[in-house]
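The values are calculated or read from the model by the stated rules, or taken from the named source; none is laboratory data. It should be emphasised that the depicted structure is a prediction, and the values quoted were computed from it without experimental measurement. Cβ: placed from backbone, ideal geometry, glycine included. Neighbour counts: every protein chain shown. Calculation scope for accessible area: heavy atoms of the full protein, side chains included, ligands and nucleic acids excluded. Shrake-Rupley method; radii C 1.70, N 1.55, O 1.52, S 1.80 Å.
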Amino acid sequence: FKYRAASFAEGEQEGERASDMAEAPFESVGKAFVAHYYATFDSNRANLANLYQDQSMFTWEGEKIMGAAQIVTKLTTLPFQQCAHQVTSIDCQPTSGEGVLVFVCGNLKVEGESADRPPLKYSQSFVLMPLPGGGGYWVLNDIFRLNYG
């Protein structure tokens, strides 16, 4: 994912609260990543491969999967071909190592479901890490859960 913001600490004054700052760089990274990820997921999941690396871990409904190739295999063999994500909230926090924790909630409409059926609710979290040498981010951790209730 090609996005590089200034250091997360840039522009912060000593004692300044995060809620008082203009949108922090980690927020911009997280929001741009979410837009890119779901647009790609909904159009061609195989194109998500470059977001993951061999040390990436993905959990889908409790099933843990390690490595970029295995993650993309899981994503491309889900029991539906077409879907549409509607993001309802995005929360981001900086992590050590200039990473970004991203937590997403939203609605998921899957092909083949009747138009009057309400969408599925989901939550997904990502830990993004900067690419070596800068110039973008990759997904270290990705956890997806449907929210039943």
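Looking at the chain, the accessible area is 54 square angstrom per residue; that uses a 1.4 Å probe and ignores ligands, DNA and RNA. Taking Cβ atoms as reference points and 12 Å as the exclusive limit, the residues near Tyr122 contribute a net charge of +2, counting Lys and Arg as +1 and Asp and Glu as -1. Net charge in the neighbourhood of Phe144 (other residues with Cβ under 11 Å of its Cβ; Lys, Arg +1, Asp, Glu -1) is -1. Protection proxy ranking, highest mean first, for peptides 34-42, 111-119: 34-42, 111-119, where packing is the per-residue count of other beta-carbon atoms within 10 Å, averaged.
Shape class for segment 86-145, computed from the alpha carbon gyration tensor (a ≥ b ≥ c): prolate, with a/c not under 1.5 and a/b above b/c.
Extending 7 Å from the Cα toward the beta-carbon at both Ala46 and Glu61 defines two label points whose distance is 2.4 nm.
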